[in-house]
Amino acid sequence: MSATTALTATVIALALLTSAATYYALTARERGRQIAQIDYNHRLRLQRAEIQQAQQALEHHRTSYAAALEQMAIDHDHAINQLRAPTDLDLQLIQHMAEKLNLASQALHATQQYSDAKAAKNLADRGHRLLERLRPTTAEEAA
């Protein structure tokens with residue numbers, strides 16, 4: 001083999017080795033980039049799944065909170081209405097007190113205590129007016 005042929009063969013061999021080393025380095029770099037991309041995509045999917053679960057939990061808590069708040073408002077209104085609504089016992093008590101005040105007014109008038117008799121009569125009248133106002137309300141509630 002001549003020196004030129006040997007030199008040419010050596011240059012070609014070096015060129016082939018250089019291109020093979022470059023190809024290997026590029027493919028190794030590409031594989032590393034692909035592995036990093038796969039890892040990144042995997043972490044991204046996990047984070048998205050966690051976010052979705054957190055959003056679902058938040059929505060569940062919002063709906064359960066709203067339902068609990070609504071139920072609490074209903075219970076509160078019901079309790080207030082029960083406290084405000086006069087019972088038959090309350091109405092009978094007011095009527096009984098008004099009748100007693102009428103009797104006291106007559107007794108005071110008989111003993112010539114006119115100012116006290118008038119005050120007792122006024123209180124009895126107020127009790128009767130209160131009964132008139134409350135009874136139609138309870139009749140409407142009963143219906």
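Each value in this text was obtained by applying a stated rule to the coordinates, not by laboratory testing. Since the model is a prediction, treat every value here as computed from it, not as a measurement. For neighbour counting, all protein chains shown are included, and Cβ atoms are generated from backbone atoms with ideal geometry for every residue, glycine included.
Summary table
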{"item": "Test: residue 10 is loosely packed, with under 10 Cβ neighbours inside 10 Å, out of contact with any strand residue (DSSP E or B) (no Cβ under 8 Å at 6 or more places or on another chain) and assigned to a helix (DSSP H, G or I)", "result": "no"}
{"item": "Test: residue in segment 33-52 that is of a type in the set (Gly, Ala, Ser) and under 19 Å from the mean Cα position of the chain (by Cα)", "result": "no"}
{"item": "Residue satisfying condition, being small (Gly, Ala, Ser) and more than 46 Å from the chain's Cα centre (by Cα), within set 67, 28, 79", "result": "28"}
{"item": "Qualifying residue in segment 75-89 (condition: touching a residue at least 24 places away in the same chain (Cβ under 8 Å) and in a helix (DSSP H, G or I))", "result": "yes"}
